[in-house]
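Take a look at the structure below.
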Amino acid sequence: QKEVEQNSGPLSVPEGAIASLNCTYSDRGSQSFFWYRQYSGKSPELIMFIYSNGDKEDGRFTAQLNKASQYVSLLIRDSQPSDSATYLCAGNNAGNMLTFGGGTRLMVKP
Amino acid sequence: DAGVIQSPRHEVTEMGQEVTLRCKPISGHNSLFWYRQTMMRGLELLIYFNNNVPIDDSGMPEDRFSAKMPNASFSTLKIQPSEPRDSAVYFCASSLIRTSGNTIYFGEGSWLTVV
């Protein structure tokens, strides 16, 4: 079992809808969690990170962390076709290394 | 500020040849990571350096793979001899390790094809 799990998708949502991306992790020692976006043929780029239970908002993006349930999510409001990409969830471990999930492919249809 | 710089961006080589990938981390960052990404296995951490010292190389797949970081501004990942199954995108990333939120930043990747 991978330490960070994501549904590979694709997740398809209509333009303007809320996209909800989910991630679970197995290492209870993980303290910080990161969401990266990766367009096809490009490198991962950081969207946001979260390390406290609850919600963290940044523009159209909201990250949610529930340490008791070992669950992290990313909500994208008012989804745009340009949001179509693979979203990678990552958690750090005691050695401060990031372990990535397999990614969820998001498709936003006009 | 310049981001993480990797070279070459693309390389096609024959099986059995030596491949050397290069990375210049972001200035001031104290940690460097080499990742490999394939469709089948996703993004895998190969090795992690902190202050130029290898901390964890448990992800290095075989003895054919080696990595060095002779100084804070340069690292190499070498594959010798290369095999077709080594074909992947190799990302270098760097970070400033802090007590929390150690964001890592990726280079644009080196796309390796071994034929």
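The values are calculated or read from the model by the stated rules, or taken from the named source; none is laboratory data. Since the model is a prediction, treat every value here as computed from it, not as a measurement. All Cβ positions, glycine included, derive from the backbone under ideal geometry; neighbour counts span all protein chains shown. Accessible surface is based on the protein model in full, side chains and every heavy atom, while ligands, DNA and RNA are left aside. Shrake-Rupley method; radii C 1.70, N 1.55, O 1.52, S 1.80 Å.
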### Query
Is it fair to say B:M15 is hydrophobic (A, V, I, L, M, F, W, C), within 19 Å of A:C89 (Cα to Cα) and open to solvent by 70 Å² or more (accessible area, probe 1.4 Å)?
no
### Query
Only one of A:S79, A:S30 is in contact (Cβ under 8 Å) with a residue 60 or more places away in the chain and under 20 Å from B:T103 (Cα atoms); which?
A:S30
### Query
Which ones in region B:51-80 are among the charged types (D, E, K, R), more than 18 Å from B:I26 (Cα to Cα) and part of a strand (DSSP E or B)?
B:D56, B:K78
### Task
Inspect all residues belonging to region B:29-36 and state whether any of them is exposed (fewer than 15 other Cβ atoms within 10 Å of the Cβ) and more than 11 Å from every other protein chain (Cβ to nearest Cβ).
no
### Query
With respect to A:K67, is the statement that it is surrounded by 12 or more Cβ atoms within 10 Å (Cβ to Cβ) and either modelled with pLDDT of 95 or more or more than 11 Å from every other protein chain (Cβ to nearest Cβ) (or both) true?
yes
### Query
Of everything in region A:10-50 that's in a strand (DSSP E or B) and of a type in the set (D, E, K, R), which residue is farthest from the other protein chains (Cβ to nearest Cβ)?
A:R37
### Query
Is region A:74-81 home to any residue that is open to solvent by less than 10 Å² (accessible area, probe 1.4 Å) and within 14 Å of chain B (Cβ to nearest Cβ)?
no
### Unmet criterion (only one of (1) among the aliphatic types (A, V, I, L, M); (2) under 15 Å from the mean Cα position of the chain (by Cα); (3) within 11 Å of chain B (Cβ to nearest Cβ)) for A:M97
(2)
